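The values are calculated or read from the model by the stated rules, or taken from the named source; none is laboratory data. Computed from a prediction, not measured in an experiment: that's the story for all the values here. Note: ideal-geometry Cβ built from the backbone for every residue, glycine included; neighbour counts use all protein chains shown. Calculation scope for accessible area: heavy atoms of the full protein, side chains included, ligands and nucleic acids excluded. Shrake-Rupley method; radii C 1.70, N 1.55, O 1.52, S 1.80 Å.
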Amino acid sequence: RDSGKFAPWERKRGAMLELCRLLAGESTALCVRAGDAAKLRSTRYILTLDADTRLEPESARELIGAALHPLNRPIVDARRGVVTHGYGLLHPRMATELQSARASDWARVFAGPGGSDPYGGVCGELYMDCFDRGGFSGKGILDVRALLACCGGDAMPEQRILSHDALEGAYLHGGLL
């Protein structure tokens with residue numbers, strides 16, 4: 001199919017689900033044009049990044065290590081379609097760099113106070129603090145099978161969700177690193 005089909009499907013949700021289906025060996029609109037698609041089936045995790053993500057040295061290794069820790073591996077309640085123990089996704093703390101904080105009106109609104117105390121606003125994460133489940137910011141590490149089990153079926157109907165990030169964080173018991 002046309003790869004542009006997934007761009008408007010609730011932002012990245014369509015592309016992520018199709019990629020997870022490919023990696024799990026399920027029916028998908030994606031196809032592998034070079035190499036052996038069967039070898040992809042052992043893939044357990046997807047590291048998601050945005051174009052503006054600056055990945056610090058060793059950050060990917062730390063995300064992978066945290067995901068592989070036995071206490072962090074997701075346990076899915078198949079009846080409810082949610083992760084009940086461990087984490088189906090882990091995302092890093094994100095911050096606006098001081099030089100970017102005043103780049104636009106949008107950045108000024110969301111960057112926080114910055115200035116002489118850039119760490120003052122970085123004391124928690126709303127969803128994690130209130131609900132023991134981190135939201136999903138589009139950056140982090142996802143467990144392929146947990147995403148499919150919790151978000152791949154009818155739990156989130158197509159074209160009815162404005163932002164899938166908070167829901168994925170809730171269903172997958174997102175964790176903040």
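Roughly what would the spin-label model give for T84 and R160, points 7 Å off Cα along C-beta, in nm?
2.5 nm
Enter the accessible area of S100 (Å², nearest 10), with the probe set to 1.4 Å and all protein chains included.
The accessible area of S100 comes to roughly 50 Å².
Within 10 Å, count the other beta carbons around each residue, average over each peptide in 37-43, 54-60, 79-85, and list them highest first.
79-85, 37-43, 54-60
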